[in-house]
Amino acid sequence: METFNADEQFDKLGLTLPPAPKPLGVYKPFLIDGKYLYLSGHGPVNDDKSLMIGRIGVDLDKEDGKLAARQVGLTMLSTIKTNLGSLNRVKRVIKVLGMVNCSPDFEKHPFVINGCSELFAQVWGEENGIGTRSAVGFGSLPDNIPVEIEALFELHD
C-alpha cells in the first residue's frame, strides 16, 4: 500500500498556511486524547491574521462562502502543522462540522463546506481525507465570519 505524504501533497497544491490562531476565549484550539485530535471551531484567517467576514446570502454568495470554508480548512491545517509539526501525524479525518453564517433562505450549506472537505481530500487523499460531516446554517457567527468549522481526526500510532 502506498504511503500518502500529506505534507508533500500540501506543498504540491502551492497554497500557503495562514498563522495558527490564538484562542479569543476560554478554550483550547486543539486537544489530543489518545489517538484522536480534536480541533475547536476555526474561522477563516487570512495570511495577515485578519478574518474574512460577511454573511452568505447577504454580503457573500455561495462561491465566496466556499472560498471562506477552504480558508477555514487552511487555518485548521495551520493549527495542526504548528502544534503537531507535520500534517503526516494525521491518519484520517473522522468528522467535520461546518457552520455557515447565512440568510434564512440560504440552502446550499453542503456546497459551502465542500471548500474545506475538498481541501482535506487533496491533502490526505480521498480515502482518509473525507470523513463524516454535517453542514448547517446559523443566523450569526462570532465576529460575523461566514464559516466556522470544527473537526475530529485520528492520529497515527
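General remarks:
- Residue match in segment 126-136 (condition: open to solvent by less than 10 Å² (accessible area, probe 1.4 Å) and part of a helix (DSSP H, G or I)): yes
- Test for Leu31: is it of a type in the set (A, V, I, L, M), farther than 21 Å from Glu126 by Cβ and surrounded by fewer than 17 Cβ atoms within 10 Å (Cβ to Cβ): yes
- Extreme residue, farthest from Gln122 (Cα to Cα), among residues of segment 75-86 that are touching a helix residue (DSSP H, G or I) at 6+ places or on another chain (Cβ under 7 Å) and crowded, with 21+ Cβ neighbours inside 10 Å: Ile80
- Answer from Gly43, Gly98, Gly57 - the residue that is in contact with an Asp or Glu (Cβ under 9 Å, 6 or more places away or on another chain), more than 26 Å from Glu154 (Cβ to Cβ) and not charged (D, E, K, R): Gly57
The values are calculated or read from the model by the stated rules, or taken from the named source; none is laboratory data. What you see is a predicted model, and the numbers here were worked out from it, not measured in a lab. Heads up, the Cβs are rebuilt from the backbone with ideal geometry, glycines too, and the neighbour counts pull from every protein chain shown. In case anyone asks, the SASA skips ligands and DNA or RNA and just uses the protein heavy atoms, side chains included. Shrake-Rupley method; radii C 1.70, N 1.55, O 1.52, S 1.80 Å.
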